[in-house]
Amino acid sequence: MSELSSILSHNEQFVETGEYAKYFTDKFPGRGLAILSCMDTRMVELLPAALGLKNGDVKLIKNAGAVVTHPWGSVMRSLLVSVFELKVKEIMVIAHHDCGMRGLNAEQFLEKTHEKGIPDDRIETLRNAGIDLDGWLTGFDNVEDSVRHTVGLIRRHPLMPANVAVHGLVIHPTTGKLNLIVDGTVPDSDGHE
Ligand SMILES: [Zn+2]
């Protein structure tokens, strides 16, 4: 049985009993914060708990590796929407140790697509069409370097205002301990941080 039916039956009860009431908030993040993090399952509850965040505090964007791979892709657009439409003043990129994107290898990935029945000639057609599958399916070697790279892409984006702070951190997926990699604090107009 798929998870769908058990989720739908839980949901029916959740709504009926009014359990949603304790989560009520609005769409503006109360802490003025957007976080880009990894989709890793260990951080579903750990990340907000370790940072002391509750419903309504933050715009939380997740993908594999906590990376921005393209300046005009959906992650970057989400961050810009957070800033311009949703009053975000501070952005944190939070990757983690032991990430599945560390060492992701295009060759091994494409062996798996082959095993799942994706025909090799389709892969060849994509390559011939100019799609850089090998680059797209390659992860990072070093999590700190990846965080610095993504923070740099966000910071230097031509539509990102200079007064938005962009920080980079790495979290431990078991203890939740944060290591600060990039402190992007923007000095205020008096020169104070
Ligand atoms: Zn990860």
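The values are calculated or read from the model by the stated rules, or taken from the named source; none is laboratory data. None of these values were measured; they are calculated from a predicted model. Here Cβ is always computed from backbone atoms with ideal geometry, including for glycine, and neighbour counts include all displayed protein chains. To get the accessible areas, we keep the full protein, side chains included, count just its heavy atoms, and leave off ligands, DNA and RNA. Shrake-Rupley method; radii C 1.70, N 1.55, O 1.52, S 1.80 Å.
Points worth noting:
- Leading residue by the ranking (nearest to residue 101 (Cα to Cα)) among those in region 55-64 that are in contact with a helix residue (DSSP H, G or I) (Cβ under 7 Å, 6 or more places away or on another chain) and surrounded by 14 or more Cβ atoms within 10 Å (Cβ to Cβ): 63
- Counting the residues of region 65-96 that are assigned to a loop (DSSP other than H, G, I, E, B), within 16 Å of the ligand (Cβ to nearest atom) and buried (at least 16 other Cβ atoms within 10 Å of the Cβ) gives 4.
- Against the conditions (1) polar (S, T, N, Q); (2) open to solvent by 40 Å² or more (accessible area, probe 1.4 Å); (3) touching a Gly at 6+ places or on another chain (Cβ under 9 Å), residue 174 satisfies every one except (3).
- Filtered by the rule that a residue be open to solvent by 100 Å² or more (accessible area, probe 1.4 Å) and more than 30 Å from residue 37 (Cα to Cα), region 116-135 gives 121, 122, 128.
- Within region 29-47, being open to solvent by 20 Å² or more (accessible area, probe 1.4 Å) and away from the ligand (no atom under 16 Å from the Cβ) holds for 30, 31.
- Taken together, the residues in region 16-28 that are in a helix (DSSP H, G or I) and surrounded by 10 or more Cβ atoms within 10 Å (Cβ to Cβ) amount to 1.
- Hey, residue 50 in a helix (DSSP H, G or I), in the same structural domain as residue 148 (by TED's automatic domain parsing), at pLDDT 95 or above and in contact with a Gly (Cβ under 7 Å, 6 or more places away or on another chain) or not: yes
- Failed item, numbered, when residue 138 is tested on (1) part of a helix (DSSP H, G or I); (2) hydroxyl-bearing (Ser, Thr, Tyr); (3) surrounded by 15 or more Cβ atoms within 10 Å (Cβ to Cβ): (1)
- Only one entry of 135, 100 meets the criterion of being within 16 Å of the ligand (Cβ to nearest atom) and of a type in the set (Gly, Ala, Ser), and that entry is 100.
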